[in-house]
Amino acid sequence: MILALLLQHTVQATLDLGNPGVKVSPSLYGLMTEEINYSYDGGLYAELIRNRAFLDDTKQPRHWSAAGDGSTITLEKAGPTTARPYSLKVKGAAANEGFWGFPIRSNNSYRLSLYVKADSKTNLIASLESRDGSKVYAKTQVSGVDSAWRKVSAVLKAGSVSAPTADARFVLRATSLETFSLAQVSLFPPTYNKNKTVFRSDLVEKMQALKPTFLRFPGGNYLEGNTLKDYFPWEKTLGPIEDRPGHMSPWGYRSTDGMGLAEFLQWCEAINSKPVLGVYAGYALNGDVIKPGPELDKFVQYALDEIEYIVGAPTTKWGAQRVRDGHPKPYPLEYVEIGNEDGFDKSGSYPARYTVFYRAIKSKYPQLSIISSTGGTDWLGMKYPIKDSPLEVVDEHYYSTAWEMMTMANKYDSFDRKGPKVFVGEWAAHTGPAPWEAGAKGPTSDMRSAIGDAAFMTGMERNSDHVVMSCYAPLFVRVDPGGMQWKLNLVGYNTLDTFGSPSYYAQTMFAQNLGDRVLPLSLSGVATQQEGGKTLPGCFASATIDSKTGTVFIKLVNALDSEHTFNFNTKGGSLAATGTLTTITGPNDAVNSIAEPKKIFPSTKKVAVGSLGLSIKVPGNSVNVFQIKSVR
Ligand code: AHR
């Protein structure tokens with residue numbers, strides 16, 4: 001008892017309701033995405049057949065096997081379309097293992113399409129069955145197969161299963177040991193918005209709860225790729241899936257490009273966000289660059305065409321293509337980023353490349369804001385590399401320890417407002433080794449990281465006149481063996497389930513409770529914390545108000561183990577009688593997982609304002625958001 005009292009801290013907080021400060025950027029919180037950790041194939045893009053086009057490996061039919069006695073499969077260099085030069089010759093039956101199995105749920109319908117031919121007229125049976133073949137969950141006949149390549153489709157309807165299972169494979173079987181050929185085999189489960197999209201619903205819902213205002217795509221490293229040939233080929237990602245050749249991602253596997261430019265834009269609509277487009281700017285991860293000149297000019301035009309696809313009138317070439325792809329209205333594009341992390345370009349060519357892209361984009365689309373990918377003055381120890389081109393917004397990336405993120409909680413308080421605006425386009429706190437180092441923890445963040453994230457977010461909120469946008473990275477991770485390339489991520493999933501990390505819940509709490517003006521808030525008597533001989537405050541805070549409704553949002557981050565009481569002194573107005581306090585708390589090393597998705601999960605309670613004013617008690621190791629109406 002005495003120890004508990006000794007460990008309690010009281011903080012005096014002064015909140016000025018009468019003098020709202022800077023405006024909160026309406027696009028402060030968004031999302032960043034790229035194909036990493038099986039984010040699209042095997043993730044949000046709901047395709048269930050793995051290696052559907054037989055392009056993952058041109059030597060062997062990976063993820064396919066012969067199914068049953070006497071069956072054989074052979075990869076053949078012959079296919080139905082130019083973009084589908086390979087096919088699978090099957091005698092008897094072939095099985096696909098899916099992306100770590102298939103999600104079998106009661107009464108689900110699975111939409112099958114494939115290119116198929118056989119030596120003579122025949123029918124095949126398509127089925128979803130347990131891996132050992134002992135249970136059949138759904139099956140249908142594929143009819144009309146003959147000696148010419150034909151695209152056929154069918155639906156497999158599952159019956160009732162006692163519990164959802166991923167222990168399943170997909171099988172195409174001839175009635176006897178006949179021979180047939182397959183190309184471009186696709187199977188979709190029910191998808192978000194009544195099958196009108198290609199997205200996994202649970203992941204869309206997870207993103208919606210983050211209330212993202214924008215989606216930064218297509219990367220990340222995925223934008224540029226490992227070599228000058230591996231950039232995101234946006235125009236080859238449009239149209240029917242069988243016409244998309246796919247390409248190698250820098251994260252060690254091939255992308256089908258089922259998640260193409262049109263799908264990214266549909267994704268924005270599904271989560272009510274605006275697109276933030278990264279355009280390829282002539283730099284590859286191996287360090288090769290395309291210097292300004294005729295070769296780079298082709299990519300400048302490529303970027304202009306891509307922008308035209310997104311915002312062009314239906315009378316333009318690429319605007320018309322967007323209409324043909326089913327979206328007559330232009331999308332609300334406001335920001336275009338030139339490249340990704342071009343600060344790594346040791347040749348120093350970025351200023352010149354940036355200038356060429358900047359001028360071309362601005363002269364055709366003056367309404368767009370341009371983002372430089374090279375970060376701020378101290379990102380990766382670099383100076384602004386650009387001297388003679390206007391910098392409007394710079395993209396800063398921080399993959400730092402929770403402690404370092406807390407040291408950055410005040411970073412922007414003294415930032416030069418005359419300089420370019422800041423987009424924190426990738427950031428995440430970690431504990432232990434960095435995500436790219438041996439021994440890094442993962443696949444998602446722990447509670448201490450969420451506290452580091454939240455402390456950093458209080459600083460972004462307070463300065464969101466200048467920090468106009470931010471997004472955590474990476475967003476998604478497939479938690480099955482072999483599914484993860486980056487160790488620390490926001491949302492994890494397997495074939496059936498998904499979970500948010502503590503950082504995910506800290507972000508939902510911040511983003512769901514954001515006003516439009518910053519309120520001055522000062523703390524005194526805050527206990528300190530020490531690490532490596534250095535000292536930092538143990539608590540971090542920010543406050544905003546929704547000026548239309550008068551709702552006040554106070555973020556309180558307690559990085560210490562002990563409970564804290566915040567006694568508020570309010571000026572320039574008063575508060576309603578009660579508010580609500582939403583909290584996540586737990587031991588520093590607590591994580592969520594498929595098995596325990598809600599170990600760290602927000603809980604909400606009412607807090608009454610007492611006769612002595614507002615007093616909020618928060619637990620040790622916690623992120624808190626207090627919401628209350630103000631009266632002026
Ligand atoms: O988020 C993972 C990677 O980190 C991104 O692809 C890249 O931009 C950064 O280096």
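The values are calculated or read from the model by the stated rules, or taken from the named source; none is laboratory data. Bear in mind that the values here come from a model prediction, so they are computed numbers and not experimental data. Please note: Cβ atoms are built from the backbone with ideal geometry, for glycine as well, and neighbour counts cover all protein chains shown. Accessible surface is based on the protein model in full, side chains and every heavy atom, while ligands, DNA and RNA are left aside. Shrake-Rupley method; radii C 1.70, N 1.55, O 1.52, S 1.80 Å.
Around the Cα centre of the stretch 64-188, unit charges on the Cβ atoms of Lys, Arg, Asp and Glu (plus for the first two, minus for the last two) sum to a dipole of about 340 debye. When both bridge partners sit in the chain, DSSP labels roughly 70% of those beta bridges antiparallel.
When the GluC sites (Glu not before Pro) in the stretch 328-359 are filtered for DSSP coil states and for at most 13 other beta-carbon atoms within 10 Å of their beta-carbon, no site remains. Taking Cβ atoms as reference points and 13 Å as the exclusive limit, the residues near residue 165 contribute a net charge of 0, counting Lys and Arg as +1 and Asp and Glu as -1. Can you tally the net charge around residue 260? Count Lys and Arg as +1, Asp and Glu as -1, for every other residue whose Cβ sits under 10 Å from the Cβ of residue 260. For residues surrounding residue 260, the net value is -2. Projecting the Cα atoms of 191, 98, 204 onto the dipole axis of the chain, where Lys and Arg carry +1 and Asp and Glu carry -1 at the beta carbon, places 191 farthest toward the positive end. Projecting the Cα atoms of 320, 402, 85 onto the dipole axis of the chain, where Lys and Arg carry +1 and Asp and Glu carry -1 at the beta carbon, places 320 farthest toward the positive end. The residues neighbouring residue 520, those whose beta-carbon lies less than 10 Å from its own, together hold a net charge of +1 under the Lys/Arg +1, Asp/Glu -1 convention.
Between residue 415 and residue 362, the C-beta separation translates, for a Förster distance of 30 Å, into a calculated FRET efficiency of about 0.75.
Taking every protein chain into account, the accessible area of the stretch 64-188 amounts to 43 square angstrom per residue (probe 1.4 Å). Since only 128, 66, 152 are under comparison, the one whose Cα sits farthest along the positive direction of the charge dipole of the stretch 64-188, derived from C-beta charges on Lys, Arg, Asp and Glu, is 152. Per atom type, the stretch 64-188 shows carbon and sulfur on 46% of its accessible surface, probed at 1.4 Å.
Distance from the C-alpha centroid of the stretch 227-244 to that of the stretch 411-439: 31 Å, rounded to the whole angstrom. Highest-first packing order for the peptide set 499-509, 547-557 is 499-509, 547-557, based on the mean count of other beta carbon atoms within 10 Å. The value of relative contact order for the chain, using C-alpha pairs under 8 Å at least six residues apart, is 16 percent. Compared with the dominant Cα axis of the chain, that is its longest principal axis, helix 350-364 is turned about 80°. Across the stretch 64-188, how many lysine pairs, 8 or more apart or on two chains, come within less than 19 Å at their alpha-carbon atoms? Pairs that pass both the separation and distance tests number 14. What's the magnitude of the charge dipole for the chain around its Cα centre, counting Lys and Arg as +1 and Asp and Glu as -1 at the beta-carbon? Answer in Debye, nearest 20. Magnitude of the dipole: close to 1380 debye. Solvent-accessible surface of the stretch 383-489, taken per residue with a 1.4 Å probe and all protein chains present: 31 Å². One decimal place: the segment residue 563-residue 120 gains 151.9 nm when fully extended, by the rule 0.36 nm per residue minus the C-alpha distance. Here the accessible area of the stretch 285-443 is 57 percent carbon and sulfur, with a 1.4 angstrom probe and all protein chains present. For the stretch 313-351, trypsin sites (Lys or Arg not before Pro) are listed when DSSP marks them as loop and at most 14 other Cβ atoms sit within 10 Å of their Cβ; the list is 346.
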